[in-house]
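A.B. asks: Here's a structure for you.
Bear in mind that the values in this text are calculations on the coordinates, not laboratory data. Since the structure is predicted, the reported quantities are computational estimates derived from the model, not experimental observations. Here the Cβ positions follow ideal geometry from the backbone for every residue, glycine too, while neighbour counts run over all protein chains shown.
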Amino acid sequence: MSTIPSITLNNGLAMPQLGFGVWQVPDEEASAAVRTAVEAGYRSIDTATIYENEVGTGLGIRQAGVPREELFLTTKLWNSGKRDWSGQAGRDAVLREFDASLDKLGTDYLDLYLIHWPRPMHGSFANIWQAFEELLAGGRTRAIGVSNFGQAELTQLFETTSVVPAVNQVELHPHFPQQELRAFHAQHGIATEAWSPLGQGKELLGEPALAKIAAKHGRTVAQVVLRWHLQIGVIAIPKSVTPSRIRENLDVAGFELDAEDLAAIAETATGRRLGPDPTGFDWN
Ligand SMILES: NC(=O)c1ccc[n+]([C@@H]2O[C@H](COP(=O)([O-])OP(=O)(O)OC[C@H]3O[C@@H](n4cnc5c(N)ncnc54)[C@H](OP(=O)(O)O)[C@@H]3O)[C@@H](O)[C@H]2O)c1
């Protein structure tokens, strides 16, 4: 949709700045949600192997009838048990996981493939990344990136591999704005993508300061929060299974947060995450 701005990734690929996330959407409901989203105008969809809804996501995309090349499709490599990702066997396992995702999605390429969690307690992820580089070089995915990486993990990646991730998808919303990591990304040409951009629809959307800004612009708090993401240069992927909210979350053009609004939003930061601290997260 023409009103959704794009971010140009470090390999020249354009990525819509607003996309649609499907975490916690059951597979059998994913097709309807994704179809509604694509029909409403979303052109970027974010799923993951662990969401177990790649089949429904792919189905929804096909039902919407928009040509595949007009869509930007992301999925993520899961931690996959206690699997040893090292050596040739690790590399082969990554390629198998990738093929399985493509099969489920019903597509023959991805736009973006992400390492879902860094799991630094398991040592180097260089071998996984080298397999990602192979997928990129072979044209199986148009970009490769990471998720939940901090500065230490990104630095380790720079030191051991050759392709700089196009994207790092991390928890980010006004309560947890990640200024330091965003500055680090900017320095290294990595686009910042926000997960749980609406704070999972919890306390954030009840913030009185945000309600005041929303009233001033005649918008909803969710629209103000998503507008904030766009204005700070972040990619946001709000999730909703509610058709009216799916449309509402896309309707964020036509107004601008001013310096006073941005300062008031900055004041709401709590520094508290909703999700786990990635440095200690080792869920299988
Ligand atoms: N890489 C990672 O580790 C990671 C982790 C978490 C999430 N993600 C990605 O980020 C996406 C978004 O994050 P998220 O799903 O955690 O949370 P979110 O998008 O911040 O919030 C979703 C919640 O907000 C509600 N909501 C949506 N629009 C609303 C509106 N306009 N007004 C009021 N409530 C609204 C939704 O309810 P309804 O659905 O009932 O409408 C849902 O409960 C995920 O779907 C996933 O793709 C990635």
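A.B. asks: I want to make sure I understand the PRE zone here: with the label point 7 angstrom from the Cα of GLN24 toward its beta carbon, which residues in the range 238-254 have backbone N atoms less than 11 Å away?
C.D. replies: 239-241
A.B. asks: Could you list, bin by bin from short to long, the percent of Cα-Cα pairs of the chain in 10 Å steps?
C.D. replies: Pair shares across the bins are 6, 30, 37, 22, 5, 0.
A.B. asks: For the ranges 276-283, 105-112, what's the packing order if you count other beta-carbon atoms within 10 Å of each residue, average per peptide, and put the highest first?
C.D. replies: Answer by packing, highest mean first, reads 105-112, 276-283.
A.B. asks: Relative contact order for the range 11-197 using alpha-carbon pairs under 8 Å, separation at least 6, rounded to a whole percent?
C.D. replies: 16 percent
A.B. asks: Give, rounded to the nearest 20 debye, the magnitude of the charge dipole that the range 11-197 has about its Cα centre when Lys and Arg contribute +1 at Cβ and Asp and Glu contribute -1 at Cβ.
C.D. replies: Using Cβ point charges on Lys, Arg, Asp and Glu, the range 11-197 gives about 140 debye.
A.B. asks: Mind checking which of GLY12, LEU95, LEU112 is farthest towards the positive end of the range 11-197's charge dipole, using Cβ charges of +1 (Lys, Arg) and -1 (Asp, Glu) about the Cα centre?
C.D. replies: Highest projection toward the positive end goes to GLY12.
A.B. asks: How long is the gain from ARG62 to TYR109 if the chain were fully straight, where each residue apart is worth 0.36 nm and the alpha carbon distance is subtracted?
C.D. replies: Full extension of this stretch gives 15.5 nm more.
A.B. asks: Considering only lysines 8 or more places apart in sequence, or on different chains, count the pairs in the chain whose C-alpha atoms sit under 30 Å apart.
C.D. replies: 11
A.B. asks: Short version: ³J(HN,Hα) in whole Hz for each residue of the range 94-109, in order, from phi by Karplus 6.51 cos²θ - 1.76 cosθ + 1.60 (θ = phi - 60°), x for Gly and Pro, what are they?
C.D. replies: Result, ordered by residue: 4, 5, 5, 4, 4, 4, 5, 5, 4, 4, 5, 6, x, 9, 10, 7 Hz.
A.B. asks: Of ALA214, LEU136, THR161, which is farthest along the charge dipole of the range 132-244 in the positive direction, counting Lys and Arg as +1 and Asp and Glu as -1 at C-beta?
C.D. replies: So the residue we want is ALA214.
A.B. asks: Note the angle between two axes, namely the Cα long axis of helix 54-64 and the longest principal axis of the Cα atoms of the chain, as a number of degrees from 0 to 90, rounded to the nearest 10.
C.D. replies: So the helix axis and the longest Cα principal axis differ by about 60 degrees.
A.B. asks: Per residue of the range 113-120, what does 6.51 cos²θ - 1.76 cosθ + 1.60 with θ = phi - 60° give for ³J(HN,Hα)? Whole Hz please, x for Gly and Pro, Karplus curve as stated.
C.D. replies: So the J values, rounded to whole Hz, are 10, 10, 6, 5, 9, x, 6, x.
A.B. asks: Read phi for every residue in the range 235-247 and hand back ³J(HN,Hα) as whole Hz from Karplus 6.51 cos²θ - 1.76 cosθ + 1.60, θ = phi - 60°, with x for Gly and Pro.
C.D. replies: Whole-Hz 3J(HN,Hα) from phi for the range 235-247: 8, 10, 10, x, 10, 7, 9, 9, x, 5, 6, 4, 6.
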